[in-house]
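Some notes on the structure that comes next.
What follows draws every value from the coordinates through simple rules; no lab data is involved. Computed from a prediction, not measured in an experiment: that's the story for all the values here. For neighbour counting, all protein chains shown are included, and Cβ atoms are generated from backbone atoms with ideal geometry for every residue, glycine included.
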Amino acid sequence: MARSALLSLLACALLCASVPAARAAGTILPPLDDAVSYGADLTASGTGRTWTGTESIVARNDGRSPTDRLWIRLWGNGPKGCSPRAVTATITSGGRRGRLIRDCTAMEVILPTPLAPGAATTITLALTITAPNLSDRFGAADDIDLFGNALPVLAQRDRKAWRLPSYSPYGESWVTTWARFALTLHHPAALKVAAAGSTTTTPDPNGATATTTSVVDARDTFWAIGAMEEVQRTTARGVKIRAWSPVEAGGDRDDAAAGAASAMEEIERHLPAYPYPEYDVIVARIQAGGGMEYPTVVITDGTDDVTRHETGHQWFYGLVGDDQYREPWVDEGLTSFLEVYWTSSNSQQTPACYPSRRFTVKDPATFITSSMTYWNRHVGQYGLAYDNPACALREARSKLGDAKFTAVMRGLVTRYERRIMTGADVRRAFGKRLSSLWPKWGLAPGR
């Protein structure tokens, strides 16, 4: 999500009520190669708002003991809850439904036989997905229907339990592993679909259109449908940039394509290269957050800073994972640094830096490491989870020098690519020399 949408809410940041010390993040088990895949065949209604069809999920038990159940996250039900459900999923093979909890965002799947460590199973779902009437990542904006976090995905386990956080309307709740996604989307020929991954469009026999999309090693998927047009650019390294917007908004498309290409090229001067052949940018002015990141595709309100911020998330969230509910500062803070200091945004806003000594909270040294449980209740302060880590990294660069700092940042991407990185991992990478830096900015480890 974009940091610019949160900056105006920081005025109350120094008036924070007392909060408990932040809890240390758990360790998420690393994914096995090709452990998970998702395949879906969906058909749109005439307007593109509702999709029906099937999804096949291949899951592998990457734990150390057998499991007799899995959990599937129906994140599309997060905004509205159980009544009415935006996503209904009926298990047609591979298990039976157990509990439906967390406002209908978590569905338990009871397996017919326990799944041994390393073993795989396939679950098939019958789906109906309807975009809610919200200006949000799953909703609609500028006459474009947006399907972010709409496709059911597997929940993850840490070493103790299933990770089943509640939906966050202000941030992200996701902690997903990397997977293969292959979608076939049948839709009216008058409407165009933009989606994560590499896409192709062919005529359907019934006069409609089929858009197929595939991506390997992605944490989620996304698609949008509407009366859109696109413009394409190619980066110096050959990545295809496709920017989409309503037909009449050609200037928005051009600006988004230019900003995304520029940001990608600038970030690649410092970090390992973006590994996918295509990157899509959807210009849709959602009211919730200004922008939103998904692997290989983002939503932007069209402003340059939001486009660049969401592009930065292709590294921190996309390539390097984190638990976005437990430690939102990890991806948002590192991405904010990329946006502000490693790209040349036309509308760049510098971070609002608040040293922890200015916080009136119970444990100021760890305050910024709070989970979304806290930020959901204090959204006016949430911009701190973006800005303070960027301020800490700016100071780290000053102390280490550009070359050493860049080497540490590159090392984070190299070491944790396709893995979950925690705040402790970030602090450890910068070494004991900078240990005093983290409490100064509210980023000390929780007690």
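Computed quantities for the displayed model
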item: Additional length obtainable on full extension of the chain from Ala189 to Ala424, 0.36 nm per residue less Cα span; result: 79.7 nm
item: Point-charge dipole on Cβ atoms (K/R +1, D/E -1) for segment 37-325, about Cα centre, debye to 20; result: 1400 debye
item: Additional length obtainable on full extension of the chain from Thr350 to Thr47, 0.36 nm per residue less Cα span; result: 105.0 nm
item: DSSP H segments from the chain that extend 15 Å or more along their own axis, Cα-based, with Kyte-Doolittle mean of 0.0 or above; result: 328-341, 402-416
item: FRET efficiency for Ala227 and Ala120, using Cβ-Cβ distance with R0 set to 41 Å, rounded to 0.05; result: 0.50
item: Area projected by the alpha carbon convex hull of segment 37-325, averaged over all directions, nm²; result: 14.5 nm²
item: Phi to ³J(HN,Hα) by Karplus 6.51 cos²θ - 1.76 cosθ + 1.60 over segment 67-74, Hz, x for Gly, Pro; result: 10, 9, 7, 10, 10, 10, 8, 9
item: Long pairs among Lys362/Lys399; Lys404/Lys440; Lys160/Lys362; Lys404/Lys432, criterion Cα-Cα beyond 18 Å; result: Lys362/Lys399; Lys404/Lys440; Lys160/Lys362
item: For segment 289-447: rounded, prolate or oblate by the Cα gyration tensor [a/c cutoff 1.5]; result: rounded
item: Efficiency of FRET from Cβ geometry, Ser166 and Thr202, R₀ 35 Å, rounded to 0.05; result: 0.30
item: Pairwise label distance in nanometres, Asp402 with Arg357, each label 7 Å out on the Cα-Cβ vector; result: 3.1 nm
item: Label zone at Asp254, where the point sits 7 Å out along the Cα-to-Cβ direction: segment 202-233 residues whose backbone N lies under 15 Å; result: 230-233
item: Neighbour cut-off at most 15 other Cβ (10 Å), DSSP loop, trypsin sites (Lys or Arg not before Pro), segment 307-369; result: Lys362
item: Pairwise label distance in nanometres, Arg99 with Arg64, each label 7 Å out on the Cα-Cβ vector; result: 2.4 nm
item: Charge-dipole axis of segment 37-325 as Lys and Arg at +1 and Asp and Glu at -1 on Cβ define it, positive-most pick from Ala210, Ala190, Ser166; result: Ser166
item: Surrounding net charge for Met107, when Lys and Arg each add one and Asp and Glu each subtract one, Cβ distance under 14 Å; result: +4
